[in-house]
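I have a structure here, written as structure tokens, and I will follow up with some questions on it.
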Amino acid sequence: EDKVVQSPLSLVVHEGDTVTLNCSYEVTNFRSLLWYKQEKKAPTFLFMLTSSGIEKKSGRLSSILDKKELFSILNITATQTGDSAIYLCAVPNSGYSTLTFGKGTMLLVSP
Amino acid sequence: ETGVTQSPTHLIKTRGQQVTLRCSSQSGHNTVSWYQQALGQGPQFIFQYYREEENGRGNFPPRFSGLQFPNYSSELNVNALELDDSALYLCASSLEQTRTDTQYFGPGTRLTVL
């Protein structure tokens, strides 16, 4: 059974801090790993990672994958209150195209 | 916004009742997946529909059932509601069966079972 574990489960930081969110996974026939941001209801897509060691970057957010150690990290630099959200990590299931999610990391950025 | 819509936004039911949730996929998307997200948990896969056929199912009992229509919109039906069915129900649509990076989520339906 595919498995995704995220840590920490929750995190409180001050504006301007840098945070690192962790995601480890166990999956048969790995294809990719995805990060989503969930602010109120709908998760919104952030990154898809398929290759080890290649950083994906979007503004202050970046992510990298280690396929040997089976984990990924999501970094947010110079955090803002608008970064407060649940960050979800997911891997596609074997066999068909749906996703196994971790429990998420709830990030709160205080002013 | 993704163009995926869900209705209703929220609803309250009592144990034993039945509920139908609806999802309109993004234009042209032929695959719809349904997820259940309990409080403090990540979304859990219920089932997926591809071109009107069920294409896969997660670890949910048969009282969770679904449909996909020719316009690719979809319904999730839950019979004999239990307290543990209280959750946010998300649908996600995608263009092709295997393009998971293009799954677009709707805003969800918040179901409360009393």
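If you check A:84, A:62, A:51, which single one turns out to be surrounded by fewer than 21 Cβ atoms within 10 Å (Cβ to Cβ) and within 14 Å of chain B (Cβ to nearest Cβ)?
Exactly one residue qualifies, and that residue is A:51.
Between B:94, B:33, which is in contact with a His (Cβ under 9 Å, 6 or more places away or on another chain) and buried (at least 20 other Cβ atoms within 10 Å of the Cβ)?
On the way: B:33 fails: in contact with a His (Cβ under 9 Å, 6 or more places away or on another chain).
Just a single option satisfies the conditions, and that option is B:94.
Any residue at all in the stretch A:89-100 that's more than 18 Å from residue A:43 (Cα to Cα), outside any strand (DSSP E or B) and more than 9 Å from chain B (Cβ to nearest Cβ)?
Checked the stretch A:89-100: at least one residue is more than 18 Å from residue A:43 (Cα to Cα), outside any strand (DSSP E or B) and more than 9 Å from chain B (Cβ to nearest Cβ).
Related question: Being within 29 Å of residue A:5 (Cβ to Cβ) and surrounded by 19 or more Cβ atoms within 10 Å (Cβ to Cβ) is the filter here, so list the residues in the stretch B:67-88 that pass it.
The answer is B:76, B:78, B:85, B:87, B:88.
Does the stretch A:10-25 hold any residues that are crowded, with 16+ Cβ neighbours inside 10 Å and under 18 Å from residue A:108 (Cβ atoms), and which are they?
From the stretch A:10-25, those crowded, with 16+ Cβ neighbours inside 10 Å are A:11, A:13, A:19, A:21, A:23-25; that's our starting set.
Within the stretch A:10-25, A:11, A:13, A:19, A:21 qualify.
Hey, can you tell me all the residues within the stretch B:69-91 that are under 21 Å from residue B:49 (Cα atoms), modelled with pLDDT of 95 or more and assigned to a loop (DSSP other than H, G, I, E, B)?
The one that is under 21 Å from residue B:49 (Cα atoms), modelled with pLDDT of 95 or more and assigned to a loop (DSSP other than H, G, I, E, B): B:79.
When the stretch B:104-114 is examined, which residues are found to be more than 7 Å from every other protein chain (Cβ to nearest Cβ) and either surrounded by fewer than 20 Cβ atoms within 10 Å (Cβ to Cβ) or at pLDDT below 95 (or both)? Walk me through how you get there before you give the answer.
Going through the stretch B:104-114, the residues more than 7 Å from every other protein chain (Cβ to nearest Cβ) turn out to be B:104, B:109-114.
The answer is B:104, B:110, B:112, B:113, B:114.
Okay, next question. I'm told residue B:27 meets every condition in (1) out of contact with any Ser or Thr (no Cβ under 6 Å at 6 or more places or on another chain); (2) within 14 Å of chain A (Cβ to nearest Cβ); (3) closer than 27 Å to residue A:46 by Cα except one. Can you identify the failing condition by its number?
Only one criterion in (1) out of contact with any Ser or Thr (no Cβ under 6 Å at 6 or more places or on another chain); (2) within 14 Å of chain A (Cβ to nearest Cβ); (3) closer than 27 Å to residue A:46 by Cα is unmet by residue B:27, namely (2).
For the stretch B:46-53, does any single residue satisfy the condition of being in contact with a strand residue (DSSP E or B) (Cβ under 6 Å, 6 or more places away or on another chain) and more than 25 Å from residue A:103 (Cα to Cα)?
At the first step, the residues of the stretch B:46-53 found to be in contact with a strand residue (DSSP E or B) (Cβ under 6 Å, 6 or more places away or on another chain) are B:46-50, B:52.
Retained after the next criterion (residues that are more than 25 Å from residue A:103 (Cα to Cα)): B:50, B:52.
Yes, the stretch B:46-53 contains a residue that is in contact with a strand residue (DSSP E or B) (Cβ under 6 Å, 6 or more places away or on another chain) and more than 25 Å from residue A:103 (Cα to Cα).
Could you check the stretch B:52-61 and list, in sequence order, the residues that are of a type outside the set (Gly, Ala, Ser) and within 11 Å of chain A (Cβ to nearest Cβ)? Show your work before the answer.
Residues of the stretch B:52-61 that are of a type outside the set (Gly, Ala, Ser), as a first pass: B:52-55, B:57, B:59-61.
Within the stretch B:52-61, B:54, B:55, B:57, B:59 qualify.
Kindly establish whether residue A:28 is surrounded by fewer than 18 Cβ atoms within 10 Å (Cβ to Cβ) and part of a strand (DSSP E or B).
Working: surrounded by fewer than 18 Cβ atoms within 10 Å (Cβ to Cβ): yes; part of a strand (DSSP E or B): no.
No: the conditions fail for residue A:28.
Here's something else I'd like to know. Give the number of residues within the stretch B:41-51 that are surrounded by fewer than 17 Cβ atoms within 10 Å (Cβ to Cβ) and more than 7 Å from chain A (Cβ to nearest Cβ). Lay out the reasoning, then the answer.
Here is the first cut: in the stretch B:41-51, the ones surrounded by fewer than 17 Cβ atoms within 10 Å (Cβ to Cβ) are B:41, B:51.
Next, from what is left, pick out any that are more than 7 Å from chain A (Cβ to nearest Cβ): B:51.
Of the residues in that region, 1 qualify.
A further question on this structure: Any chance the stretch A:4-26 includes a residue that's touching an Asp or Glu at 6+ places or on another chain (Cβ under 6 Å) and either more than 25 Å from residue B:108 (Cα to Cα) or at pLDDT below 95 (or both)?
Taking the stretch A:4-26 as the starting set, the residues that turn out to be touching an Asp or Glu at 6+ places or on another chain (Cβ under 6 Å) are none.
Checked the stretch A:4-26: no residue is touching an Asp or Glu at 6+ places or on another chain (Cβ under 6 Å) and either more than 25 Å from residue B:108 (Cα to Cα) or at pLDDT below 95 (or both).
So the check is Cβ under 6 Å with 6+ separation or different chains; which pairs have a first residue in the stretch A:36-48 that's more than 9 Å from chain B (Cβ to nearest Cβ) and surrounded by fewer than 21 Cβ atoms within 10 Å (Cβ to Cβ) and a second one that's in a strand (DSSP E or B) and at pLDDT below 90?
Every condition considered, no pair remains.
The values are calculated or read from the model by the stated rules, or taken from the named source; none is laboratory data. Because the structure is predicted, anything quoted here is derived from the model rather than measured. Positions of Cβ are backbone-derived with ideal geometry, glycine not excepted, and every protein chain shown enters the neighbour counts.
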